[in-house]
1. Residue by residue through segment 172-179, what is 3J(HN,Hα) from phi via Karplus (6.51 cos²θ - 1.76 cosθ + 1.60, θ = phi - 60°)? Round to whole Hz and write x for glycine and proline.
2. In whole angstrom, and with the biggest value first, how far do the Cα coordinates of segment 106-196 range along each principal axis?
3. What does the net charge come to around ILE181 if you take all other residues with beta carbon closer than 15 Å to its beta carbon, with K and R at +1 and D and E at -1?
4. Tell me the net charge near ALA162. Cut-off is 12 Å between Cβ atoms, ALA162 excluded, with +1 for each Lys or Arg and -1 for each Asp or Glu.
5. List the trypsin sites (Lys or Arg not before Pro) within segment 84-191 that fall in a DSSP loop (any state other than H, G, I, E or B) and whose Cβ has at most 15 other Cβ atoms within 10 Å.
6. Read phi for every residue in segment 122-134 and hand back ³J(HN,Hα) as whole Hz from Karplus 6.51 cos²θ - 1.76 cosθ + 1.60, θ = phi - 60°, with x for Gly and Pro.
7. How much length would be gained if the chain were fully extended between LEU22 and VAL152, taking 0.36 nm per residue of separation minus their Cα-Cα distance, in nm to one decimal?
8. At 1.4 Å probe size, with every protein chain present, just tell me what the per residue accessible area of segment 106-212 comes to in Å².
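The values are calculated or read from the model by the stated rules, or taken from the named source; none is laboratory data. These numbers come from a predicted model, not from an experiment. No Cβ is skipped: glycine too gets one built from the backbone with ideal geometry, and neighbour counts run over all protein chains shown. SASA here: full protein model, heavy atoms, side chains in, ligands and nucleic acids out. Shrake-Rupley method; radii C 1.70, N 1.55, O 1.52, S 1.80 Å.
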Amino acid sequence: MSKVDDRHLGSNGRYALIRKELFRKAIHIFGFSIPFISLVAGVYYAAAIIIALAAVYSVSEYFRLKGRSFPVLTAVTKAAMRNAAEGEEEKQDTFVKAPLYFAAGILASLLMFPAPFNYATIAVITLGDGFASIAGRLYGKNKIPYTCGKTVEGSLAGFVCAFAGAAIFISPATALIAATIGMVIELLPLRVTDNLTVPLLSGLTISIIGNL
């Protein structure tokens, strides 16, 4: 969801922010491939892919902080990093942890919750957050108070996409609950990253409900 007021930027500045947001959230949306990889090749194969990507990313960040480039990934990290113009600067000389939290959230969902609830949970964190941010950046006009600039438009888009993705794996009623929990947690000003709170709380809830 759009978290900053970029009206003070020129058209070129806003375009650059939108392009970076699209790129960053495309990575989130790509995470929706994990349930299908798991269904085709198995849960542990999908988990191994997540762990391998996280490990390669960590090595890439280590090289970046040492002033060296790791093929492809260093460029990806720099392209996806927030900058000062967004009001959410990620320092160039610190390890960027957000992708690891995101990977941890998907991995925890995949392994902690039984199928198909684990797949529905991954849909919520990948599609919900990804499309909420994109829609908020492109179309967000109505700010929601006390949410650090998140918008009604972004939240609605995230909710619809989270519901649609979850409904592929679970009943519409349970998918509705999962999407609602995910978006509510997204709006709360929690200290813990939503890459962890959203999957853990939504996955736990629908797993309990689904087994009743």
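1. x, 5, 6, 5, 5, 5, 4, 5
2. Answer, in whole Å and largest first: 38, 27, 19 Å.
3. Net local charge, ILE181 excluded: -3.
4. Around ALA162, the surrounding residues sum to -2.
5. Here the sparse-neighbourhood loop sites are LYS91, LYS97, LYS141, ARG191.
6. Once rounded to whole Hz, the list reads 5, 4, 5, 6, 7, 6, x, 5, x, 6, 4, 5, 5.
7. Gain on extension, LEU22 to VAL152, equals 44.9 nm.
8. Value returned for segment 106-212: 44 Å² of accessible area per residue.
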